[in-house]
Amino acid sequence: MESFDAIVLGAGGAGLMASAVAGQRGRRVVVVDHAPEPGRKILISGGGRCNFTNLGTAPDRYLSANPHFAKSALGRYTAGDFLEMVERHGIAWHEKTLGQLFCDGSARQIVAMLLDECAAGAVAMRLGAAIRDVSHADGRFTVVHGDATLTAPALVIATGGPSIPKLGATGFAYDLARKFGLKVVEPRPALVPLTLPPEEALFRSLSGVATEVVARCGKAAFREAALFTHRGLSGPAILQVSSYWRHRDAIGIDFLPDQDAGWLLEAKRTRPRAGLRTVLSTALPDRLAEALAERLAVVGELGNQRDATLRDAEQRLGDWRFVPNGSEGFAKAEVTVGGIATEGLSSRTMAARHLPGLYVVGEAMDVTGWLGGYNFQWAWASGWAAGQAL
Ligand code: FDA
């Protein structure tokens with residue numbers, strides 16, 4: 001039996017951050033994982049360059065049953081704080097778009113940085129073996145990891161969500177939460193491509209075509225690229241709205257976000273001999289223009305169309321309704337919406353209210369960011385908050 005001040009389950013971004021912070025505060029910390037290497041999701045993130053934070057980080061860019069929960073941690077450990085660490089480690093970075101910060105080099109640099117920070121706190125690292133049991137008695141947690149038995153008065157659940165199981169992701173955090181009396185908000189795949197039903201085959205045949213749109217689901221709206229795939233819809237705008245999407249909801253797409261109201265009637269006046277497809281082709285990829293014109297069944301020259309027909313076509317082009325029949329699921333989802341309910345946790349320390357010594361950090365809990373570095377910022381901020389309290 002080996003004794004520590006804290007056992008951190010999960011060597012992802014949140015677990016490594018919590019471990020490094022607590023270790024550097026003099027706590028004896030061990031981090032355990034079933035994966036043979038730490039930070040696997042960091043390594044594959046951002047196309048291998050890790051979109052490690054977002055300068056626009058704000059609580060309203062996170063989904064949670066309690067939209068106020070993330071405020072405290074995000075306010076105390078900001079994108080600027082993480083950037084300061086990145087720069088201290090000499091990692092070159094750039095802003096790509098919309099406040100998204102990426103490494104110039106490789107995501108490996110972020111993992112190396114976190115491991116250096118853990119080493120500075122003398123954090124013990126135990127990887128590559130299954131966690132066989134987790135129990136709590138007499139104010140101590142005991143973890144059986146491979147052949148080792150570890151014990152500590154504090155336990156941090158940092159095992160993430162079930163997105164991308166082939167990287168070692170599991171719903172283990174939820175099993176632990178239920179075991180220790182915390183509620184779980186139904187987990188759903190998020191930041192995930194959506195699939196279209198057979199009657200939308202026309203659009204599925206556009207596989208590979210991308211264009212900038214405004215995608216909407218309920219009150220959420222995102223202006224970014226949408227991509228048609230052989231199964232349905234993807235691209236950043238679709239991934240963003242997928243986090244808000246529930247079965248049977250419609251997704252609304254504005255294919256022409258830069259056009260002013262009445263543009264199609266204006267086109268009838270200025271280009272009466274042109275057809276709808278030709279006019280659409282000036283703003284959209286050809287294949288998409290053709291598919292939309294075909295669906296709208298506006299045949300012939302604009303000059304011969306009734307104004308009402310064109311008004312109706314313009315309205316549909318500005319709010320094209322797709323009702324996806326599903327998503328590509330946890331196998332393809334970048335993150336998980338839902339998770340361990342925040343109602344049982346302190347927003348300042350991430351500690352469970354009813355069980356002293358138990359903490360939850362990162363994606364395991366019901367806090368999910370937009371696409372664009374927000375999820376890592378939550379991993380860092382929640383890990384930092386717990387690390388300060390351990
Ligand atoms: P994370 O999932 O990273 O870590 C959990 C750890 O627990 C893993 O090491 C895992 O092996 C371990 N574990 C799980 N179950 C276990 C079990 N039963 N026993 C033992 N160990 C177990 N975000 C962002 O902000 N910018 C980006 O660029 C990207 N890009 C991106 C790309 C792809 C393809 C994916 C899948 C995800 C992203 N993300 C992202 C999301 C981001 O990766 C994610 O939100 C964080 O990694 C969450 O960090 P955590 O530490 O909470 O969990």
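The values are calculated or read from the model by the stated rules, or taken from the named source; none is laboratory data. These figures come from a predicted structure and were not determined experimentally. What goes into the accessible areas is simple: the full protein's heavy atoms, side chains included, and nothing from ligands, DNA or RNA. Shrake-Rupley method; radii C 1.70, N 1.55, O 1.52, S 1.80 Å.
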Per GNM of the chain with C-alpha springs under 10 angstrom, the most fluctuating residue out of 46, 146, 12 is 146
Go ahead and set up a Gaussian network model of the chain, Cα springs under 10 Å, then flag whichever of 200, 117, 266 fluctuates most.
266
Classified through the alpha carbon gyration tensor (a ≥ b ≥ c as square roots of its eigenvalues; rounded if a/c is under 1.5, else prolate when a/b is larger than b/c, else oblate), segment 1-47 comes out oblate
Rounded to the nearest 10 Å², the accessible area of residue 217 at probe 1.4 Å:
10
Ordering 166, 219, 96, 268 from largest to smallest accessible area (1.4 angstrom probe), what's the sequence?
219, 166, 96, 268
Computed over segment 242-390, the ratio Rg/Rh where both radii use C-alpha atoms and Rh is Kirkwood
1.25
Using the Kirkwood radius over C-alpha pairs as Rh, can you work out the diffusion coefficient of segment 109-155 via Stokes-Einstein at 10 °C, viscosity 1.306 mPa s, in µm² per second?
129
Given a cut-off of under 8 Å on Cα pairs at least six residues apart, what relative contact order in percent is computed for segment 317-390?
28
Within the accessible area of segment 194-327, what % is carbon and sulfur when the probe is 1.4 Å and the other protein chains stay in place?
46
Whole-number D in µm²/s for the chain (Stokes-Einstein; Kirkwood sum over Cα pairs; 4 °C, 1.567 mPa s):
58
Using Cα springs under 10 Å in a Gaussian network model of the chain, which residue among 121, 300, 15 shows the largest mean-square fluctuation?
300
Contact order relative to length for the chain, counting C-alpha pairs under 8 Å separated by 6 or more residues, stands in percent at 26
I need to check one value: relative contact order of segment 50-136, counting alpha carbon pairs closer than 8 Å and at least 6 residues apart, in percent.
31
Nearest-ten-degree value, helix 374-389 long axis tilted from longest Cα axis of the chain:
20
Rg(Cα) / (2.2 N^0.38 Å) computed for segment 194-327, rounded to two decimals:
1.04
